[in-house]
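The values are calculated or read from the model by the stated rules, or taken from the named source; none is laboratory data. Just so we're clear, the structure is a prediction, and the values are computed from it rather than from any experiment. As a convention, Cβ positions derive from the backbone with ideal geometry for all residues, glycine included, and neighbour counts pool all protein chains shown.
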Amino acid sequence: MYVAAHAPGEQYHCNSCACDLTHTIRIKCADPICANSEDGVDICPPCFCAGKEFENHKRGHPYRIIVRFCLAKLLYDKFTAQSTGGLPSLTPV
């Protein structure tokens, strides 16, 4: 599932490597153990793909992909132009 969200002035950093995720795609852990923490757990794509585990976060947790609105719109326009019926759904592997 894609979620378009970023309020002006908000900044996001990877909870594993601390890289800036404010203007890029980020993965948000959806497991209740992580979602109930102060700001939730945000993970950069490289750390997510490497299966990084830290604090209470485990690689098998469910997740959401967070995309900035302008990037989500660009992806949506590209996929609908190819007549795929919209954005593909992504499921954890």
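Mind counting the residues in segment 1-19 that are at pLDDT 60 or above and exposed (fewer than 12 other Cβ atoms within 10 Å of the Cβ)?
Result for segment 1-19: 5.
Within segment 27-56, the set of residues being under 12 Å from residue 17 (Cα atoms) and not aliphatic (A, V, I, L, M) comprises 42, 44, 45, 46, 47, 48, 52, 53, 54. In summary, residue 43 fulfils each of the numbered conditions (1) in contact with a helix residue (DSSP H, G or I) (Cβ under 7 Å, 6 or more places away or on another chain); (2) modelled with pLDDT of 95 or more with the single exception of condition (1). Inspect all residues belonging to segment 72-89 and state whether any of them is loosely packed, with under 11 Cβ neighbours inside 10 Å, assigned to a helix (DSSP H, G or I) and at pLDDT below 75. For segment 72-89, residues loosely packed, with under 11 Cβ neighbours inside 10 Å, assigned to a helix (DSSP H, G or I) and at pLDDT below 75: present.
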